[in-house]
Amino acid sequence: MAESGQLEAVAERIVCKFGGSSLASTEQMRKVREIIEADPRRRIIVPSAPGKRDSQDTKITDLLYLCHHAASMNADFSGPFGQIVERFTGIEQELGVTPVIAQHLEQFRQQLAAGVTADFAASRGEHFCGLLLAAWLGAEFVEPADCIVIGSNGLVDPQTWTLLGARLGDVSKRYVVPGFYGRDLEGQVRTFSRGGSDVSGAVAARAAHAALYENWTDVSGLLMADPRIVSQPRPMAEVTYAEIRELAYMGASVLHDEAMAPVREVGIPVNIRNTNAPDHPGTRIVAELSPEIIQSTQIAGVAGKTSFSMITIGKHLMNREVGFVYRLLGVLEHNDIPFEHCPSAIDSVSVVLESKWLEGRVEQVLDEIRRTLEPDDIEYVPSIALIAIVGEEMARTPGIAAKVFTALAASGVNVRLINQGASELNIIVGVAPDDYPQALRAIYGAFVSHPG
């Protein structure tokens, strides 16, 4: 059955994904249950593996990898496995559910000894947590390996929408779908590569035609700037998929693009919420900003990274030399180097790239550029920081650029690079890495009058 793309459902449902910190202890799990029961629309629950209870704890997933590694070498894995048993049986006992997890763990121990894949072993943290949560909530357990198919490229195979959609078809039921894993095209358990449980939550939301995907974690939404640099940055009330992509690319700590793709493609909104502060509205990620947000905000946020290098090539009458930039990019292609930005003037062009691509071969690449393009001059800047000022409404708001550069000038920061895409979704400025913290604070301060 082909997906229509229309999000029509018999009843409005919300998918709730809970991260490891939300499931780290029975105390946290009780908060999760209160959240679920506070809204009858929260019918599909996607758990991660239990997270660390304190700084001395070891992540369940790390213990599982240790067990697999030892088992694959016919070594004793009883140490880390004992910690896993203690953790899950302890949670089961404290929750007061019928004791069955020990049987599942013993079966898994035998499977480890007989030989399983690393993906299968790693997936058991979410699997066992899902079993416990389903028993405690009186919900129906859904095995992801039966209905979430991961293609050879690591992305969701389209048959998932039909398989999982049918499995979640009864809108009167509450379901628990463990995060992080599914199966490959050959039927073997496979995990998602990045942000696995976040991806699973988005997959479940799309398959169930959910009205909303709630991602519950330990922060009250997304922040407009890095809190390690800007003191108490303001939370984002609402942000678009496009804005999030730009901010994530520049290093902001947000949901990875792969984790949003399933819901973005069909327009399901995402709500980032805090399990420890459930009354906080968090951040909504949407296709289009609401009128009140458009009226009250000029930018979505500011983010940056210090891990770039820049090569600038100058040549008189470069603009009349057909194929000049094509040949420059050809040198990068020949050396398997991707580039990030390519700002230009009449007689010069720059390429900005991640510094890691030039490690150990700077002179090799510069020499090939000289031989290929015969420039008048070439400058290599080994380290430059880029800052992105991101906002859907920037293109329709006069004075944004003026604010940015006035703030930088007032703080004594010299701008090495300016770039703005045709979409006018962001402005990129390049500064010396030593100036990066001051520049980020100055730009944020130009748009937000006070923290909080």
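Quick notes on this one:
- Count of region 341-356 residues, restricted to those that are in contact (Cβ under 8 Å) with a residue 40 or more places away in the chain and open to solvent by 50 Å² or more (accessible area, probe 1.4 Å), is 1.
- Scope region 106-145; condition over 19 Å from ALA207 (Cα atoms), among the charged types (D, E, K, R) and open to solvent by 40 Å² or more (accessible area, probe 1.4 Å); matching residues: GLU106, ARG109, ASP119
- Search result, residues across region 104-153 that are closer than 24 Å to MET73 by Cα and not hydrophobic (A, V, I, L, M, F, W, C): HIS104, GLU106, GLN107, ARG109, GLN110, GLN111, GLY115, THR117, ASP119, SER123, ARG124, GLY125
- Residue list for region 214-230, filter: out of contact with any Lys or Arg (no Cβ under 7 Å at 6 or more places or on another chain) and part of a loop (DSSP other than H, G, I, E, B): ASP218, VAL219, SER220, GLY221, LEU222, ALA225, ASP226, PRO227, ARG228
- Candidates GLU374, GLU368, GLU379 - the one that is open to solvent by less than 50 Å² (accessible area, probe 1.4 Å) and among the charged types (D, E, K, R): GLU368
- Checking each residue in region 356-388 for being touching a Pro at 6+ places or on another chain (Cβ under 7 Å) and of a type in the set (Ser, Thr, Tyr) picks out only SER383.
- Among all residues of region 67-79, there is none that is among the acidic types (Asp, Glu), in a loop (DSSP other than H, G, I, E, B) and under 21 Å from ALA277 (Cα atoms).
- Lone qualifier among GLU333, GLU258 - being modelled with pLDDT under 90, open to solvent by 30 Å² or more (accessible area, probe 1.4 Å) and of a type in the set (D, E, K, R): GLU258
- For region 80-107, the tally of residues that are in contact (Cβ under 8 Å) with a residue 12 or more places away in the chain and either hydrophobic (A, V, I, L, M, F, W, C) or assigned to a helix (DSSP H, G or I) (or both) stands at 18.
- One residue from GLU246, GLU258 being in contact with a helix residue (DSSP H, G or I) (Cβ under 7 Å, 6 or more places away or on another chain), charged (D, E, K, R) and not in a strand (DSSP E or B): GLU258
- Subset tally (residues that are at pLDDT 95 or above, of a type in the set (A, V, I, L, M) and open to solvent by 20 Å² or more (accessible area, probe 1.4 Å)) for region 146-184: 2
- Condition met for ILE378 (hydrophobic (A, V, I, L, M, F, W, C), part of a helix (DSSP H, G or I) and farther than 30 Å from GLU292 by Cα): no
- Candidates are the residues of region 404-439 that are modelled with pLDDT under 90 and out of contact with any strand residue (DSSP E or B) (no Cβ under 7 Å at 6 or more places or on another chain); the one that is surrounded by the most Cβ atoms within 10 Å (Cβ to Cβ) is GLU424.
- Region 27-57: number of residues that are open to solvent by 50 Å² or more (accessible area, probe 1.4 Å), under 24 Å from THR191 (Cα atoms) and in contact with a helix residue (DSSP H, G or I) (Cβ under 7 Å, 6 or more places away or on another chain): 0
- Among the conditions (1) open to solvent by 50 Å² or more (accessible area, probe 1.4 Å); (2) in contact (Cβ under 8 Å) with a residue 40 or more places away in the chain; (3) more than 22 Å from VAL199 (Cβ to Cβ); (4) of a type outside the set (Lys, Arg), the only one that TYR65 does not satisfy is (3).
- Restricting region 199-221 to residues that are open to solvent by 30 Å² or more (accessible area, probe 1.4 Å) and not small (Gly, Ala, Ser), the residue that is nearest to the chain's Cα centre (by Cα): THR217
- Matching residues, region 140-184, being in contact with a Phe, Trp or Tyr (Cβ under 6 Å, 6 or more places away or on another chain) and over 17 Å from PHE120 (Cα atoms): GLU140, LEU168, VAL176
- In the set (1) assigned to a strand (DSSP E or B); (2) of a type in the set (Asp, Glu); (3) closer than 30 Å to MET236 by Cβ, GLU393 fails one condition alone, (1).
The values are calculated or read from the model by the stated rules, or taken from the named source; none is laboratory data. If you're wondering where the values come from, they're calculated on a predicted model, not measured in any experiment. When we count neighbours, we look across all protein chains shown, and the Cβ atoms used for this are built from the backbone with ideal geometry, even at glycine. Ligands, DNA and RNA are stripped out before the accessible areas are found, and what is left, the full protein with its side chains, is counted by its heavy atoms. Shrake-Rupley method; radii C 1.70, N 1.55, O 1.52, S 1.80 Å.
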